[in-house]
Each structure stands twice: as structure tokens, then as C-alpha cells.
1. Which FRET efficiency value, to the nearest 0.05, is calculated for D435 and Q462 with the Förster distance at 25 angstrom and r the Cβ-Cβ distance?
2. Give me, ordered by chain and number, the residues 5 or more places off S533 or on other chains with an amide H under 5 Å from its own placed amide H.
3. What spacing in nm lies between the two simple spin-label points modelled at I398 and F234, each 7 Å away from Cα in the Cβ direction?
4. With a point put 7 Å past each Cα toward its Cβ, work out how far W70 is from C484 in nm, to one decimal.
5. At 37 °C and 0.692 mPa s, what whole-number value in µm²/s does Stokes-Einstein give for the translational diffusion of segment 95-185, with Rh from the Kirkwood sum over Cα pairs?
6. Taking H placed 1.01 Å from N in the peptide plane, check which residues at least 5 places from V501 or on another chain put their amide H under 5 Å from its amide H.
7. Going toward the positive end of the dipole of segment 196-295, with +1 on Lys and Arg Cβ and -1 on Asp and Glu Cβ, which of Q263, A287, S243 do you reach last?
8. Need one value: the accessible area of V219 in square angstrom, 1.4 angstrom probe, rounded to the nearest 10.
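The values are calculated or read from the model by the stated rules, or taken from the named source; none is laboratory data. A quick note: this is a predicted structure, and the numbers were derived from the prediction, not measured. Please note: Cβ atoms are built from the backbone with ideal geometry, for glycine as well, and neighbour counts cover all protein chains shown. Areas reflect the complete protein model, heavy atoms only, side chains present, ligands, DNA and RNA absent. Shrake-Rupley method; radii C 1.70, N 1.55, O 1.52, S 1.80 Å.
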Amino acid sequence: MNEVGPAPSIFGEKVSGRYYRCIRCPASYHVGDHCIPAGSVVLAGSHIICADHFRPNKALSCHSRLNITWCFTCSKGGTLVCCEACPGAYHAECVKMDKAPDGAWYCEECDAGMRPLYGTIVWIKVGNYRWWPGEICHPRNVPLNIQEKPHQVGEFPVRFFGSHDYYWIHRGRVFLFQEGDKASRDSSAKGLFKTYVKGVQEATEAFKIWTAVKDKKDVQEQERNDKRPAPYKFIKSNVPIGSVQIYKADLSEIPICECKPDQTDACTSDCLNRMMLYECNPATCPAGDKCNNQRFQKRLYVEMEPFKCENRGWGLRCLQDIKKGQFVVEYVGDLIDEEECKKRIEQAHDDNITNFYMLTLDKNRIIDAGPKGNCSRFMNHSCCPNLVTQKWTVNGDIRVGLFALKDIQKGSELTFNYNLECLGNEKKACACGADNCSGFLGVRPKASMAAGAAKDKLAKEQKKKRKKKKLEQRKIYEDECFRCGMGGELVMCDVGNCTKVYHLHCLKLTKPPIGKWRCPWHHCDVCGKHAVSKCVECPDSFCLLHSEGNIFEKNGVQVCEDHVFLLDSVEDQQGKTFTEATPGAAQDQEMQNIAGHHSPALMETSASENVLSPQPVNTKGTSKEINPQQRVKRKYTKRCKSQLVDPGNNKCPIVKITVGADKSESESIHNLKKGSASEPKKSRRERNRYKLDQSKVESKLNNGLSKSFFSSENHLSGQPRSHISRHAKESDDTDSTSSLVIDLPVS
């Protein structure tokens, strides 16, 4: 039965059956109370007047439409775009509009043909009363005096919860009750407010019952759909859509073979047309009625039937044995162009449809077997298929046929390799179950299982002495998300040789992006421009302007500040030496000499207390001072004690621990810094301020940092705490904010 107009239903998708048809418009609905809009008038037979023909009476205030004052999407107020048919209102940005429309506008639900149905729980607005919960009732289920109330097409009776009163209303003053809706806090009319609260409680319970019934019907509908495939229109040949044409050659342009009518097997393997993938025309073929090269025109298909697969939806299996090279079936559907193909893909993307039946015929035409087709549309993909597609020229036009790659037994599933070219960015998993399965659609099967076929192909090419064409190498994407490191349904990057993949929720997206997409690794985290410096461990990347201070070179690779410490810890575990940039060559040499007296355990203690800010490296590899305005605060950035940080600089201090045989060795370092030629002469006030700061630092060490040093030193050398001397001196070098020297004498 042909469908006319929309057939909305809250219990499932459209199915075939009997229909109510409106006598004033092309709309049609399934027979019964589950699909027909509330307010429709049923006439004799299968004819109705649908609720869309409601004509409001301007003299009646209840006939006017009333929109809500908050957005249906974000539940916030402001400037709203109001629907002309229902109380719905939205922000322009919430419905993806640049600006408010000038003329009449209808919301997505009204535009899709959705209408209030009988039995639905709704919010109702009558007169000066607040929005009140109620239920849409069928006219035959209300009291007789309510049925006799004056009303017109498009009006339906509602029953208010709490008060249990009835009223005739139209869809311009009702909207759906949703889970989680609560009563208003306004309690100006205390007596009426109690009734209102009671009504909301009754509506919540009724909504749970209504939802349970709806879910049960959905399950039943799904069970019925599992027993039969989705509806489609069966066709025998391709149907051109729009400006697409089917070419038909003149008889003089069709090639003629050299077969003879007295041959037993005319127009078989030795036919010139057959070898060139041309079908003979019955009017010009010399073999006449004995011609065996008219399989497309005569539709010499194999017997087959669709069946329900375990984890791949519907499939197709053969009902007879098939020999290698035998013609199985032609792939037919709507012939569309590139523009129509993009429109259908975008519409399917908006409707969350993931099954596609499109096959490229030539550069200007595409076969879409979704709405129309034959049994070939049920064939599934396989990385080890038993069929292959071939393009034949039939009467001047190109047609696609499926041929057997090997002998196929009766009852076997028929499959072919989709050779999918992803128009979107979603990486869809393959469930063919073949031994050489690549795991994802559009990825070539594993080469280990195809070694035998590759050898046979190479031998044939060597015999014929044909040049082997280089196949375009496809990118092999990673199997784990670059942000969280987990597998699953992933979105692929379309930039060059980038093999990064991401989860949708890691990108904070709800749907895969359309068209070519650049992953976050190619955009600057600060300004969004093209990134030139990228961390090899995470998606952090920066442009040339913001690379300084955020990307560092470590062992010849670029890493962000989050992973510098991780690489340092790996180097420490492998026994590598981490070289620190200290202000002064004399101090470096002295520290190397003193390090020879350290015990390994004490060196670990000092390393745990010494937290260094890594030296920034620009794109050319030269060290520069960090600009505090360009530094980006990272998640794993570590800082030293706040008492030791100079507020005028954004770098951490360097804490050095030296262990000498006697006090003179430590004093030599102290005197070396004190006698630095680059140190400016300080005034008495500055010296007094320095002594005060030095005493504060020493007191902090007594309370905090020195505890770990005491425990380590006493454990190793057995010296009492009284033998430990401390000297703190602030460095005036511009490369570090402060330097702390702690002398621990060793016996």
C-alpha cells in the first residue's frame, strides 16, 4: 500500500497496514488511537479530518496560542524564537540558527508531523491558571455532558490531575510532560496550591505507567521487525532520480562478437564481448537465441533469500549451488548524483541512521539501494568474500553485477567486500568474523591470509608481462584513543599522514563530524591557530607564538610540561644522569666534586626534595627564559615551597644539598658565592632585610624541609642533630631566583 504524507507514531517507525486518510490534505495515519492526532474527526470508512485543520475563533481567548517563557532546550529565558503551532520556544543558537526568522517558524517536532496523541500526559494552560498537568482523553471516554460541549476540529478533551475536571483545548496550549518535571514553588493561593501539588504527584505516577506501556509496545514492535526486514520498494532495474540519466546506445554503436549460431556454447568464455565485459544485444548478436551473454537483460539470477544474522542484522544466502565465475545478481537502486548523495548522507546523519546502501557506478552517478532495490541490498561485507562486483556495459549503459569468486554451496551466506571509502570520520568495526578480518570497515584485510591469492595474481601478471600498478597506500590508523588510550568506536583524523583517533566523548561531541576533520593535535591550545610544536605523548600542541615555555625538547622529541617529569623519572630509573642548568660554571664544578662524597641513599633524598622547572626550548632548540605571560599552567606542574619562590619571577628555586668532610669545604662554596664579582654592593637596609629573610627561611627549614635531611643523615652517618649546620644564601644570578646550600658534615 502506498503511503501518503506523514504517519507519526510514538510507538515505533512506520509500518504497512490500514490507514486513515484526511479528506482535506494528503496526510494519512494508521488506524487506531495510537497514531491518529488528538482532535481529529473520524468520518465514514477510512476517512478523517485531521487536527491540522483547526481554525481558531478570535472571539474566544482560549483559542489563542500561548508560548512558554523559557527555552525547551536549555530551560533558560531570554530572547526566544516561538513556534507558530505549539507552545514551544527556543533560543536561536539552541536550534542552530544565526538569527531569528522573519516570518512564521515551526519547531522540529511540528515540522516532522508530530502531534499530541490520545493518552499522553501533558501540561495545560487555561485562563489565568498556571500550567497544570493533565491527560488527553478520547472523546468517547469522557462523560456525556463533556462530549456535548461545543468544540470544533482540532480540539480535544483533557482531564486535569488533582481536580479531575475536564476541558476542551487545542495543541496550541499543551506540551508534553517529561520525566523529572516538578511542581512550581509559587504558593500564593494556598488552597489551590495543595490541589496543584496533588495533581503533579498523580501526573508523575501516570507518566510512569504511560512510559512502561510505551516501552512494552516498543519491544513488541522490535520483535515484529526482527521477523522481517525493514520496508523498501522492490525494483527490477535502476531508477534515475532528478537530472541523472540512463544512457542507451544506438544499435550501430554496440559491439558485435564473432560467435556463430551453430556453436554449442555460443557467447561463453571465448566471446569477444564477454571478455571485454560487454553484453550482446539480441538484435545484433550473430548467435541469435543461442547467445549466453545476455544475463543482465534476462535477469538470470541465482535463487536466494534474506535471513536474520546473529550480530550483523539481515543477510542474504543462496538456495542453490553456485559455480566459480557464475553471475549471481545485479545491484540495483536509485541512480543519484553527488549532490543528492550528500543530501541523503546529511539527512541520515541527523536521523542517526548508520546503515547505507550506496555504491559508486561512475564519476557522476551513484546507486542507492536504501529506499528501492532488490535482494542484493541485504548482502553483508566480508574481508574474505565469496562474491565480487564487476561493471558491465549493457546496451551502452554501465551496470554492476555480482559474480562468484569460488564454488559456493547451497545455504551459504553471500558476501562481498564493500571497499568502503569513508565519507564521514567514524571508524566502524567489522563483524564479518573472517580469519583475515582487518577489524574495521575500509581497512584492507591482513596480508598473511591473502598470501596465496597474491602469489597467483603475481604469476598471472608475470606471464602476461604487464606492468604492475602501484596501489595507493592507505593510512593505518591507531587502535586506541590518543587522549584516553582506550579502544572502541573511534573518530579518525583526515589530515595528511596523521593516524590519531579519538572517542566522541573525549572530544566532547555527540555525533561524528561531517566531511574532512582536523584533530586537536593540529590546533594551538591557546589561540586555535595551526600548531607547529606538538607533544608526542598527548594532544597538547602550540603555534609558533605560544610554543615557547609550553613545549620542551627531551631526547630529540618534543613533549609538553606534563610529560617532562615523566621522562625524567624514566631516565632516573634507567641510571641516566639528569644535568641541571645552574647559574655559574664554578658552582657546577664544585657540585660535581662534592657529589663524589654522596651516598646513593642521600642522593635519592635530595632528588626527591629538589623540584626543577624544566628549561624551555624553542623550535630551533635554543634555551630562552620563560615569559610568565606565555607560560600555560599544566595539570602536572609541580612547584617548590612558596616561602622559597621569588614573587618577581615565575620559576622555582634550585635547592642544592652538599655533603663535605669538614665545614671548611662548605664554607668555600659559601665564600665563592659571597665573593662573586657580579654581585652588586648592597646598602645597610638591604643587608638587614636579607638577614631577616634568611632567619625566616631557616625557621621554615627547622619546621619542614630539614626533617627529611635529619632522618637521612642520621641514618647514614650516625651523627647527632647538633652537628648539622645550615647556611642559606639567596643567589643574585638572573638565571635562578634563590639558592640554598645545606652543609651536612660526614664523619
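1. 0.35
2. Under 5 Å from the amide H of S533 lie the amide H atoms of F542, each far enough along the sequence or on another chain.
3. Once both label points are built, they end up 3.0 nm from each other.
4. Rounded to a tenth, the inter-label distance reads 3.0 nm.
5. Calculated translational D: 220 µm²/s.
6. HN-HN under 5 Å from V501: E478, F482.
7. S243
8. For V219, the solvent-accessible surface is approximately 80 Å².
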